[in-house]
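The values are calculated or read from the model by the stated rules, or taken from the named source; none is laboratory data. Please read these numbers as outputs of a predicted model, since none were measured by experiment. A quick note on method: Cβ atoms are made from the backbone with ideal geometry, for glycine too, and the neighbour counts reach across all protein chains shown.
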Amino acid sequence: MMKDFTEDLLRLFSSRTRCQIMELMAKGYDHPEDLSKKLDITRQGIDKHLLELHDWGLVERNAIFPPDGRPKIVYELTSECRQLLLTLDTVGGNYKESMIARAEDQMDTLDTKLADGELDEELYHRKIREIKKRWRYNELKNEKD
């Protein structure tokens with residue numbers, strides 16, 4: 001059902017390290033050595049992730065020319081990447097809300113069955129726990145948006 005491009009894009013975003021790099025870079029320019037220190041990852045590892053992000057057009061390289069010393073290569077997110085991240089946040093937020101709503105609908109159904117005497121309390125509480133676990137309800141409700 002998914003196109004190859006979409007699968008490849010999801011694979012790109014499945015790396016926690018690449019997501020952390022983009023999160024740090026969303027605050028501005030960054031040098032690979034700084035990213036390496038902030039994330040406690042080797043410089044080579046950072047370079048590998050930056051190359052992949054660059055190949056996807058999500059980051060661009062720029063040179064900064066300090067008054068005293070050699071030019072410094074820094075990376076920043078492209079406007080396309082910023083837009084993609086906003087879109088993914090919106091889609092993720094919408095999906096999160098739908099998961100919460102589905103869990104709450106199921107719990108409301110159980111509330112009605114308990115009130116109508118169709119369930120005893122022990123079974124009701126067990127099913128509520130199952131629903132909350134299935135939909136990661138407590139985790140989703142406690143996440144910061």
Conditions (1) touching a helix residue (DSSP H, G or I) at 6+ places or on another chain (Cβ under 7 Å); (2) modelled with pLDDT of 95 or more: number failed by Lys48: (1)
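Evaluate the following for Met99: is it in a helix (DSSP H, G or I) and not assigned by TED's automatic domain parsing to the domain that holds Lys132? Don't jump to the end; show me each part of the working.
Details: in a helix (DSSP H, G or I): yes; not assigned by TED's automatic domain parsing to the domain that holds Lys132: no.
No; evaluated as a whole, the condition is false for this residue.
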query: Does at least one position in the stretch 61-76 carry a residue that is in the same structural domain as Arg18 (by TED's automatic domain parsing), modelled with pLDDT of 95 or more and loosely packed, with under 12 Cβ neighbours inside 10 Å?
result: no
- prompt: Just wondering, is there one or more residues in the stretch 25-36 that are within 20 Å of the chain's Cα centre (by Cα), part of a loop (DSSP other than H, G, I, E, B) and on the phi < 0 side of the Ramachandran plot?
  reply: yes
message: Pull out all pairs, ordered by first then second residue, where Cβ-Cβ is under 7 Å, the residues are six or more apart or on different chains, the first lies in the stretch 62-81 and is assigned to a loop (DSSP other than H, G, I, E, B), and the second is surrounded by 10 or more Cβ atoms within 10 Å (Cβ to Cβ) and at pLDDT below 90.
response: Phe65/Pro71; Pro66/Lys72; Pro71/Ile64
